[in-house]
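Take a look at the structure set out below.
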Amino acid sequence: MNIKLRKYPNRKLYAPKGEITDEGTYVTLEDIAELIKNGNSIEVTNNFTKQDVTNEVLKEVVRLNKIKLTNDTMLDLIRR
């Protein structure tokens, strides 16, 4: 499943209503790591500029060692 998230200037990440739960909810880098581990893909958009910031967020997740990278996962990240 492709989950669309929004990133706000205060660095908070938000999943709109229906993306993860029936209600909108804030998510952490740990939540994102868990979503990826469960086979989901994510797409993160800056809420104000509408720019795709997915790579920036994925780098943060990896940098903070929230997910262990396998060769396949690394290749998927590179292909983005």
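Largest first, how would Glu19, Glu56 line up by accessible area (1.4 Å probe)? Each step should come with its number before you reach the end.
Working: Glu19 50, Glu56 90 Å².
Greatest to least solvent exposure: Glu56, Glu19.
For region 4-43, what is the accessible area per residue in Å² when the probe is 1.4 Å?
In whole numbers, region 4-43 has 65 Å² accessible per residue.
Restricting the calculation to Cα positions, tell me the Rg (one decimal) and the Dmax (whole number) of region 1-60 in Å.
Every Cα atom of region 1-60 included, Rg and Dmax give 10.5, 29 Å.
The values are calculated or read from the model by the stated rules, or taken from the named source; none is laboratory data. Remember, predicted model here, so these are calculated numbers, not experimental data. For accessibility, only protein heavy atoms count, side chains too; no ligands or nucleic acids. Shrake-Rupley method; radii C 1.70, N 1.55, O 1.52, S 1.80 Å.
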